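First up is the structure itself, then whatever we jot down about it.
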Amino acid sequence: MSLSAVSQASSFLPGADLWVAPERKNSGLTQRLDWYLNFQISKAAKHQGRPLPQKVEELLIKCGLPHLDFDDSDRDGLLVPSSHLLPNRWVLILRGSDQFEAWVQNVFLKWNQMNNPSLRVFLPSGKTADDFKRAWKKVSDFADFSVVVDD
């Protein structure tokens, strides 16, 4: 597998369109990314949507339209366009890195859904490049991307 490791010192340099990182609680690098992104990750984590006004609910029922649910608590990630702040196009923060193998599968699925842009993966604290290689090998043979280990 020819996946390359990028040092923390050069982790925020150009080299990939999509950067995928775990949630803030599991990565110091994600906390640094949050700063570069003007705290969009923190703001999104604290955001609570408003319920639909009663009149809108009544109108939906009268018109026979489905109820609109904007609750994002079940979503597993946050995609932030970042080309104006960082040398990439997007930062994807994926939840669930406590379950590392499932998280790696989710990295693969999201990357695949985005039509396989060039990729850099920021690993959760305590995980090594070898841990990632083993888990990634279970979902894909593709290896032309980089990982950043969070010491």
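We did not get these values from a lab; they are worked out from the coordinates using the rules stated. All of these numbers come straight from a predicted model, not from anything done at the bench. A quick note on method: Cβ atoms are made from the backbone with ideal geometry, for glycine too, and the neighbour counts reach across all protein chains shown.
Cβ-to-Cβ counts within 10 Å put ASP130, ASP141 in ascending order as ASP141, ASP130, the fewest first. Taking only the C-alpha atoms of segment 94-151, the Rg (one decimal) and the largest Cα-Cα distance, Dmax (whole number), read 10.5, 30 Å. Backbone amide hydrogens, once placed in the peptide plane, bring SER125 within less than 5 Å of SER27, GLY28, excluding anything fewer than 5 places away on its chain. Dipole magnitude for the chain: computed about the Cα centre from +1 point charges on Lys and Arg Cβ and -1 point charges on Asp and Glu Cβ, it is near 200 debye.
Here the sum of -39500 (n - 2.57) over DSSP H runs of 4 or more residues, divided by the residues of the chain, equals -9500 deg cm²/dmol at 222 nm, to the nearest 500.
The translational diffusion coefficient of the chain, from Stokes-Einstein at 37 °C and 0.692 mPa s with a Kirkwood hydrodynamic radius over alpha carbon pairs, comes to 196 µm²/s.
Stretched out fully, how many nm does the piece from SER83 to SER10 gain, at 0.36 nm a residue minus the Cα gap?
Net length gain for the segment: 24.6 nm.
Student exercise: in the chain, how many lysine pairs 8 or more apart or on different chains have Cα atoms under 27 Å apart? Summing the qualifying lysine pairs gives 18. The phi torsions of segment 3-17, fed into the Karplus equation with coefficients 6.51, -1.76 and 1.60 and a -60° offset, translate into couplings of 5, 9, 9, 10, 6, 4, 4, 10, 5, 9, 8, x, x, 7, 6 Hz, rounded to whole numbers, with Gly and Pro shown as x.
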